[in-house]
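*Asks:* Below you will find the structure I want to go over with you.
Please treat every number below as a calculation from the coordinates, not as lab data. It should be emphasised that the depicted structure is a prediction, and the values quoted were computed from it without experimental measurement. FYI the Cβ positions are ideal-geometry reconstructions off the backbone, even for glycines, and counts take in every protein chain you see.
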Amino acid sequence: MRLPPAILGNTEEVLREILRFSAPADTTLSRYFKDHPRLGPRERGAVAEGIYAILRNKSFFTDFAEAGQSPTMRRLTILGLAEAVGADSLAGLTEEETEFLTRIAQIDRNLMPPQMRSNLPKWLFDKFVAQYGEAETLKLADALNAPAPLDLRVNSIKATREEVMAKLLEAPIAAEPTPFAPLGLRVLKKPSLQNLPLFKEGAIEVQDEGSQILSQIVGAKRGEMVVDFCAGAGGKTLALGALMRNTGRLYAFDISEKRLAKLKPRMARSGLSNVHPVQIAHERDAKVKRLAGKIDRVLVDAPCSGLGTLRRNPDVKWRQKIEAIAEMQQKQAAILDSAARLLKGGGRLVYATCSLLTEENEFIVEQFLAAHPEFDLVPMSRVLAEQKIALEMDDYLKLLPHKHQTDGFFAAVLERKPLPPRPPKAKLDDEVDEPDADADADASAPAASA
Ligand SMILES: C[S@@+](CC[C@H](N)C(=O)[O-])C[C@H]1O[C@@H](n2cnc3c(N)ncnc32)[C@H](O)[C@@H]1O
């Protein structure tokens, strides 16, 4: 069935706003739909998918759109909607526009110049080519420019993966186990899940397989003290809480009240009572300092450029600027530095990003290790073997959409060396001013002594 012709006008209207890149595309789309309540679910789906198709293919769509007679915005809109829902579903095209679409469909995209084919801005294309080479950059770009599959994480305190698969089948929703994450399911189509009892009862959460793997490599165990330093809306917090079997204490820190507020209903659904959300003012907040030297595991899911999530947020590649990376690095280094002070001797920290840039990943970790001889890098191959995850990695976790069908993620595991043994008791009694075993990790101490 064809879409109403008005969809072209709606898509063009919201596209004009989105291409100003003054707000994330999903925020602008949500507001537009709120302001246009008469658009039904099918129409909304078409507008959103059309917009996302334009953002994914903006370089070559713009090149073609500028070469025709009708206004560029109208042509961009037609190209996006045709890519998203198929040219046959569109109504209200002129004869010239239909011919234009037919001509474009015949073009072999493989014959285009590499940067245009990649649909990446020049600065990012150049960075990826320097890191991965041109041939792999093109494969990576193809994967980043495709929509992500729908992955679920089974909440192991409520159900097993097999039980959830069986219940989904009754819905009927076909799903298969994810290749690497032990609690993951990949749903084969994209049904709405919000009204499923499984979702309402907290047996499932939507979570990319890569994100699930990151939570898993934290290695959090029953009864431990764990901090999720950049918890946001708690995607990974909930996974960690379940891995701890709802025991111990799991602090969910974040500077954003709004994001932490989104964690609360998810916590209620999940049935977890070991999670403690804490809003902090910044990474050196007194609430952080109080826990110095007391924590077994820390996850730093650092704020980053987000370039590994282009499958879901294709506008990020156009909104992100090369100049912002240096600012991001400073924040990442400062957060890592503070978060590391939380660890007990022998404790482990996972530094992770959803960035694909070495500047935000290896560089930050190497810089940290150079300044902190009291930490060792634990090779990712060892961590993955401990967690029985069948992924081949060397020192770091580097998940790539064209290789692993996940979002792009980076992670490193850092282990704090065991603290030196306490001096004999008689001596301790004399040295009343000596700091206790945790005090060398106090966040107020200079970095080198932490
Ligand atoms: C990549 S997101 C975290 C996503 C989250 N872990 C999840 O799985 O849904 C990074 C988070 O870091 C938070 N953040 C930024 N600066 C921070 C700081 N100085 N200390 C703690 N959190 C910070 C942001 O508010 C954001 O929620």
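*Asks:* Under the Karplus relation 6.51 cos²θ - 1.76 cosθ + 1.60, θ = phi - 60°, what is the ordered set of whole-Hz ³J(HN,Hα) values for the stretch 207-224, x standing for Gly and Pro?
*Replies:* Computed from phi, the couplings for the stretch 207-224 are 7, 4, 4, x, 5, 5, 5, 4, 5, 4, 6, 5, x, 5, 10, 3, x, 7 Hz.
*Asks:* For the peptides 176-188, 291-303, what is the packing order when you average, over each peptide's residues, the other Cβ atoms within 10 Å and list the highest mean first? Let's see the in-between values first.
*Replies:* Values: 176-188: 18.9, 291-303: 23.5.
The peptides rank, most packed first, as 291-303, 176-188.
*Asks:* Given q = 0.06, 0.07, 0.14 Å⁻¹, what are the Debye log10 I(q)/I(0) values for the chain, with equal point scatterers placed on the Cα positions and solvent ignored?
*Replies:* One equal scatterer on each Cα of the chain leads to -0.30, -0.41, -1.37.
*Asks:* By how many degrees, 0 to 90 and rounded to 10, does the Cα axis of helix 72-85 deviate from the longest principal axis of the chain?
*Replies:* 70
*Asks:* What length, rounded to one decimal in nm, is gained on full extension from K417 through to D26, with 0.36 nm per residue of separation minus their alpha-carbon distance?
*Replies:* Values: separation 391, 0.36 × 391 = 140.76 nm, distance 4.37 nm.
Length gained between K417 and D26: 136.4 nm.
*Asks:* May I ask you to work out the translational diffusion coefficient for the stretch 209-449 at 25 °C, viscosity 0.890 mPa s, via Stokes-Einstein with Rh from the Kirkwood sum over Cα pairs, reported in whole µm²/s?
*Replies:* Numbers: Rh = 18.5 Å.
In µm²/s, the coefficient is 133.
*Asks:* G306: net charge of surrounding residues, Cβ under 12 Å, Lys/Arg +1, Asp/Glu -1, itself excluded? Spell out each step's value before the answer.
*Replies:* Details: positive: R311, R312, K317, R319; negative: D301, D315, E360, D407.
Every neighbour counted, the sum reads 0.
*Asks:* What is the packing order of peptides 402-414, 221-233, 96-108, taking the mean over residues of other C-beta atoms within 10 Å and listing the highest first?
*Replies:* Details: 402-414: 23.5, 221-233: 21.3, 96-108: 13.2.
Sorting 402-414, 221-233, 96-108 by mean packing, highest first, produces 402-414, 221-233, 96-108.
*Asks:* For V218, what is the net charge nearby, where nearby means another residue's Cβ is under 13 Å from its Cβ and Lys, Arg count +1, Asp, Glu -1?
*Replies:* Numbers: positive: K221, K236, R297, R348; negative: E224, D228, D296, D301, E386, E415.
Its environment carries a net charge of -2.
*Asks:* Sticking with this structure for a sec: Quote the FRET efficiency, to the nearest 0.05, computed for E366 versus A334 with a Förster distance R0 of 22 Å and r equal to the Cβ-Cβ distance. Display every interim value, and only then the final one.
*Replies:* Working: r = 16 Å, r/R0 = 0.74.
Computed FRET efficiency for E366 and A334: 0.85.
*Asks:* For helix 322-340, report the angle its Cα long axis makes with the longest principal axis of the Cα atoms of the chain; keep it between 0 and 90° and round to the nearest 10°.
*Replies:* Rounded to the nearest ten degrees, it is 30.
*Asks:* Please report the antiparallel percentage of the DSSP beta bridges confined to the chain, to the nearest 5.
*Replies:* On the way: 23 of 41 bridges.
Taking every DSSP beta bridge within the chain, about 55 percent pair in antiparallel fashion.
*Asks:* Return a whole-number percent for the relative contact order of the chain, with Cα pairs under 8 Å and 6 or more residues apart as the contact set.
*Replies:* Details: 777 pairs, mean separation 57.9, N = 450.
Worked out over the chain, it gives 13 percent.
*Asks:* Where the centroid of each part is defined by its Cα atoms, how far is the stretch 107-132 from the stretch 359-395 in Å?
*Replies:* After rounding, the separation between the Cα centres reads 30 Å.
*Asks:* With everything on Cα atoms, drop me the angle between helix 95-105 and the longest principal axis of the chain, reported from 0 to 90° to the nearest 10.
*Replies:* The angle comes out at about 50 degrees.
*Asks:* I've got another one for you. Which whole number of Å³ per residue matches the convex hull of the alpha-carbon atoms in the stretch 116-164? Don't skip to the end; give the middle numbers.
*Replies:* On the way: hull volume 5.9 nm³, N = 49.
Normalising the Cα hull of the stretch 116-164 by residue number yields 121 Å³.
*Asks:* So for the stretch 150-206, what percent of the C-alpha to C-alpha distances run longer than 17 Å?
*Replies:* Details: 357 of 1596 pairs.
So the pairs more than 17 Å apart make up 22 percent of the total in the stretch 150-206.
*Asks:* When the chain is modelled as a GNM with alpha-carbon springs shorter than 10 Å, which of D394, D337, D35 fluctuates the most?
*Replies:* D35
*Asks:* When DSSP beta bridges are limited to those with both residues in the stretch 209-449, what percentage is antiparallel, rounded to the nearest 5? Intermediate values should be presented prior to the final figure.
*Replies:* Numbers: 13 of 31 bridges.
Of all bridge pairs located within the stretch 209-449, approximately 40 percent are antiparallel.
*Asks:* If you take every residue apart from A326 with its C-beta less than 12 Å away from the C-beta of A326, what net charge results, scoring Lys and Arg +1 and Asp and Glu -1? It would help to have the intermediate numbers written out before the result.
*Replies:* Details: positive: K321, K331; negative: E323, E327, E359, E360.
Residues close to A326 contribute a combined charge of -2.
*Asks:* Choose one answer from E95, E162, E12: the residue with the largest mean-square fluctuation in a GNM of the chain with alpha-carbon springs under 10 Å.
*Replies:* Evaluated over the chain, the most mobile residue of the options is E95.
*Asks:* Which of the residue pairs K189/K264; K58/K200; K331/K398; K122/K403; K127/K190 have a Cα-Cα distance greater than 27 Å in the structure shown?
*Replies:* Working: K189/K264 29 Å; K58/K200 38 Å; K331/K398 21 Å; K122/K403 23 Å; K127/K190 33 Å.
Flagged as over cut-off: K189/K264; K58/K200; K127/K190.
*Asks:* Kindly state, as a whole number, the per residue volume in cubic angstrom of the convex hull around the alpha carbon atoms of the stretch 6-107.
*Replies:* Values: hull volume 9.3 nm³, N = 102.
Enclosed volume per residue, from the Cα hull, is 91 Å³.
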